[in-house]
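Report on the following structure.
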Amino acid sequence: MEHNRESTDRQYALVGRAVDLGWQREKVTVIDEDLGLSGSGTAQRSGFTRLTSEVALGHAGIVLGLEVSRLARNNADWYRLLDLCSMTDTLIGDADGIYHPASFNDRLVLGLKGTMSEAELHTLRARLDGGIRNKAARRVASCAACRLRLGRRGWRSIAASR
């Protein structure tokens with residue numbers, strides 16, 4: 001977060017967008033506990049839990065984000081949030097527009113955004129895993145030339161084992 005202040009600043013600027021859309025400043029709540037957490041989905045995300053709770057209780061009128069489909073780390077969580085917003089008449093907004101999840105067309109667009117976001121995460125993970133495997137394969141291939149220090153007995157070549 002320290003190195004990418006622009007994104008953080010843009011997220012906090014969403015308060016102004018909510019005010020521009022008609023919400024009173026004192027009624028706007030910023031939930032930022034998850035800023036800087038990995039997108040892996042393994043980290044405990046108290047901010048997302050708090051968001052879904054506030055929506056479920058009917059305390060939210062709109063959920064705003066730079067890319068709202070990235071609020072959830074997987075489609076199951078995303079669709080759960082869409083269902084809650086639909087039941088509580090909560091809008092969802094991002095840079096592309098304002099959506100009402102109870103509207104078929106809006107829900108279709110939001111569903112596609114969620115699917116694309118999950119596909120993007122899958123593609124990024126696949127690229128990272130491929131790079132790790134490739135690097136590991138190069139190291140195994142070059143390990144035949146590795147040397148190992150054996151205390152007083154000096155150096156000995158070691159072969160790569162699989």
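The values are calculated or read from the model by the stated rules, or taken from the named source; none is laboratory data. What you are looking at is a predicted structure, and each value in this text was computed from that prediction instead of being measured. Here Cβ is always computed from backbone atoms with ideal geometry, including for glycine, and neighbour counts include all displayed protein chains.
Points to keep in mind about this one:
- Residue in region 151-161 that is at pLDDT below 95, of a type in the set (F, W, Y), surrounded by 12 or more Cβ atoms within 10 Å (Cβ to Cβ) and touching a Lys or Arg at 6+ places or on another chain (Cβ under 9 Å) present: no
- In region 27-49, the residues that are within 21 Å of R17 (Cα to Cα) and either at pLDDT below 85 or of a type in the set (D, E, K, R) (or both): K27, D32, E33, D34, L35
- As a summary of the residue check, M1 satisfies the conditions (1) farther than 27 Å from H122 by Cα; (2) at pLDDT below 95 except for the one numbered (1).
- Residue match in region 77-95 (condition: exposed (fewer than 12 other Cβ atoms within 10 Å of the Cβ) and closer than 17 Å to L66 by Cα): no
- Whenever a residue of region 73-87 is under 15 Å from I62 (Cβ atoms), its partners that are surrounded by fewer than 17 Cβ atoms within 10 Å (Cβ to Cβ) and modelled with pLDDT of 90 or more, lying with C-beta atoms within less than 6 angstrom and at least six residues away or across chains, give the pairs S86/A102.
- Evaluated against (1) more than 19 Å from V15 (Cα to Cα); (2) in contact with a helix residue (DSSP H, G or I) (Cβ under 8 Å, 6 or more places away or on another chain), L71 falls short on exactly one condition, (1).
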